[in-house]
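Reviewing the structure listed below.
Readers should treat all values here as calculations from the given coordinates under stated rules, not as data from a laboratory. These numbers come from a predicted model, not from an experiment. Virtual Cβ from ideal backbone geometry, glycine too; neighbours counted across all protein chains shown.
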Amino acid sequence: MTAPSRTNARTGLMIALLALGLGILAVITTGMGFISIAPGDVLAVLWESVCGVAGSVDALHQSVILEVRLPRILTSVSVGFGLAVAGTVFQGLLLNPLADPFTLGVSSGAAFGAALALLLGLTFFGPTTLCLMAFLGAVITLFAVIAMSGRDGELSPTNLILSGVIVSAILSAGISFIKYMADERVAAIVFWLMGSFVSRTWTDALLTAGTSLAGFAICLYYARDLNIMSLGARSAKSLGVDTGRVRLILLLTASLISAVCVSVSGIIGFVGLIIPHLMRFVVGPDNRWLLPASGLGGAMLLLCADTTSRAILPNEVPIGVLTALIGGPIFCWIFTRTRSGRRYE
Amino acid sequence: MNNLTYTVRELSFGYGQSDILNGLNLTFEPGKLHAIVGPNGSGKSTLLDIMAGHRTPTSGTVLINETAVEDHTPSQLAQLTAMVPQEFNFNFPFTVVDAVLMGRHPHIPRFSRPSNDDATIVKSAMKTMDIINLADRPLSELSGGEKQRTVVARALAQTTPGLLLDEPTSSMDIRHALAAMTELRRLAHAANHTIIVVLHDLNLAAAFCDTMVILKNGRLHTQGTAAETLTTETLEDVFGVHAQITEKTDSSGLVITYDSKETT
């Protein structure tokens, strides 16, 4: 039985490399944009702000990095991390590799809330109203879906998926109706629905980072139970997993991560569905490794997509479009390569 | 705890109007391999599910020694009873060795690595079910019988004094089915475990099991040794088939042959 520990070492190395890659990518992308800053200068600015020394660095660079770019980059990284972790958990819980953070209708709920706020021009909490309405929509939808599927005491995957699909369908019709009613505001709704990280603040960054990390910690705590549950609830019960409790905790955690991410950034599909698959090719199906690997992969993908929109293309493009455009081909390449050769490892 | 007796007391279960189990009273003692047989829909799987704590009975109770099943926490129960369900769901490409190692879950504390003992137990369970050569294969690539061998190995790796198996050999080839039954009988006799197996193959049940429980429509029809319970009349009454029951030439057991022309 030496094989598993060798695999563990290799998988651990893989995750360390992903983390390192994300760090390097973050430094490079922070330097990219209208004002180009060398990675060394980026590090100098970060170092000075961490140590609190006043300084030798360019004041313009400092304000561009600390006030404009860093919050946006941190938000996109946190949202990517959170959505990919949530997607991994949903796939395991719903025993379905096609599940994603939005299968239970969290995104439709958020979209409905946001569309309503944009239609009615609600501003009772100032600029955060939109975000709050989206979060409210997501949470109400989540509890409606859980209440619907929990009638027989068991939140069975089939019940959950079915309730999620039905509630999403109703909300989508509602969103279409709102768009139809919205006249000239329809552009704002459509743009919000496709997701964006434009002018995100430190509040957004800290909110998403805090939620994603706390949620990740909870999911990782139950990762071994999730492994067993992903092979069926009955087997899991006889192996001593308190399936009802673990399922509810993971469901709420993953949904709340998704709800916060969606409220801050709009609907960004693809990350939560494809990244867990991609990482399953790389590190295998064990959630103890898959959760961190997916989180890091999702963070990298959204960071790349957002940087492309922000610093490479002449105009900002909705992030949801870019994620699929960048991630899709990468997935196709890895998918065909592993299919012919090593398959799932 | 090494000896474990299951007592089924006045057990009933039903959905709405229809009764699946109706006032069952049974005792399963340690040191024996018990078979439960009966036609489709006679309540065999439901009985096993209730005994494993997966379902709550409408009335009545199942005791493990002196304590009711529902009074155990899931992890206590998992140290007493292992279960091989009839269906399982392998949507994710865990390897065979990963899956068998999951049988050690109740014994390995959270965030701990499997110990050398765990590794030894897993290896010996895999050897028993002849899946060592499949160790690194993803579950999603296995045949039906290979999956079944993996799930039985996982239950063996759980090393519980009670073991409930729902048609564990239904997809296995005859060699692996015999190997599985031989191991179950050995565990019952040598390790004094309480092993209950639902079977459709009456010859397999007659050849290996110490006692037979025959269910019909959720009620106990007959109970006893194979020789006592498997009679032409019983088979006709319970299954509606004509069968000849003959003793083997070395009088080591019974052979059941079915008349294929007539059914009642």
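Here are the numbers:
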read-out: Compactness relative to 2.2 N^0.38 Å, alpha carbon Rg of the protein assembly as shown; value: 1.16
read-out: Cβ-Cβ FRET estimate between B:Q223 and A:R10, R0 fixed at 41 Å, reported to 0.05; value: 0.15
read-out: Relative frequency of Cα-Cα separations exceeding 17 Å in the range B:182-254, percent; value: 47
read-out: Other protein chain Cβ atoms within 10 Å, averaged over every residue that makes up B:97-109; value: 3
read-out: DSSP-assigned coil residues among chymotrypsin sites (Phe, Trp or Tyr not before Pro) in the range A:1-97, each with at most 12 further Cβ atoms within 10 Å; value: A:F34
read-out: Cβ-derived FRET efficiency at R0 30 Å, A:L98 paired with A:I170, nearest 0.05; value: 0.90
read-out: Per residue Cα convex hull volume in Å³ - calculated over the range B:112-220; value: 137
read-out: Charge dipole (chain A, unit charges on Cβ, about Cα centre) - positive-most of A:L70, A:H277, A:L206; value: A:H277
read-out: Mean projected area (nm²) of the alpha-carbon convex hull when the range A:1-98 is viewed from all directions; value: 9.6
read-out: Compactness index (Cα Rg / 2.2 N^0.38 Å), the range A:228-269; value: 1.54
read-out: Relative frequency of Cα-Cα separations exceeding 25 Å in chain A, percent; value: 54
read-out: Measure of compaction for the range A:99-142 (Cα Rg per 2.2 N^0.38 Å); value: 1.14
read-out: Relative contact order (%) - chain B, alpha-carbon pairs under 8 angstrom, separation at least six; value: 25
read-out: Angle between chain B longest axis and helix B:174-191 axis [Cα atoms, degrees, rounded to 10]; value: 80
read-out: Coarse-grained scattering of the range B:6-230 at q = 0.10, 0.17 Å⁻¹, given as base-10 log I(q)/I(0) from a Debye sum over alpha-carbon atoms; value: -0.44, -1.26
read-out: Simple label model, 7 Å out from Cα along Cβ direction - B:D130 to A:I28, nm; value: 5.4
read-out: Percent of alpha-carbon pairs separated by more than 21 Å within the range A:87-189; value: 39
read-out: Student exercise, chain B dipole from Lys, Arg, Asp, Glu Cβ charges, in Debye to nearest 20; value: 700
read-out: Rel. contact order, % - alpha carbon contacts under 8 angstrom, at least six apart, the range B:74-143; value: 49
read-out: As computed over the range A:181-321, the Cα convex hull volume per residue (Å³); value: 134
read-out: Dipole axis of the protein assembly as shown (+1 Lys, Arg; -1 Asp, Glu on Cβ), positive-most option in B:S124, B:T234, A:C51; value: A:C51
read-out: Selected from A:F135, A:H61, A:T336, residue furthest toward positive end of dipole (the protein assembly as shown; charges at beta carbon); value: A:H61
read-out: Rg and Dmax of the range A:34-158, Cα atoms only, in Å; value: 21.0, 66
read-out: Selected from B:A153, B:A177, B:A119 as most flexible by GNM, with chain B as the system and alpha-carbon contacts under 10 Å; value: B:A119
read-out: Cα-based helix-to-principal-axis angle, B:144-157 vs chain B, degrees rounded to 10; value: 70
read-out: Calculated diffusion of the range B:59-137, Stokes-Einstein form, Kirkwood radius summed over Cα pairs, 25 °C and 0.890 mPa s, µm²/s; value: 166
read-out: Coarse-grained scattering of the range A:257-344 at q = 0.16, 0.25 Å⁻¹, given as base-10 log I(q)/I(0) from a Debye sum over alpha-carbon atoms; value: -0.67, -1.25
read-out: Point-charge dipole on Cβ atoms (K/R +1, D/E -1) for the range A:74-340, about Cα centre, debye to 20; value: 500
read-out: Estimated FRET transfer efficiency when R0 is 35 angstrom, pair B:Y258-B:R186 (beta carbons, to 0.05); value: 0.75
read-out: The range B:1-122, Cα convex hull volume normalised per residue, Å³; value: 156
read-out: Under 5 Å, built H, 5+ apart or other chain: amide partners of B:V241; value: B:E236
read-out: Test item: Cα-centred dipole of the protein assembly as shown, Lys/Arg +1 and Asp/Glu -1 on Cβ, debye; value: 1200
read-out: Chain A: relative contact order as a whole-number percent, Cα under 8 Å and 6+ apart; value: 28
read-out: Lysine pair count for the protein assembly as shown [Cα-Cα under 30 Å; pairs on different chains or 8 or more apart]; value: 23
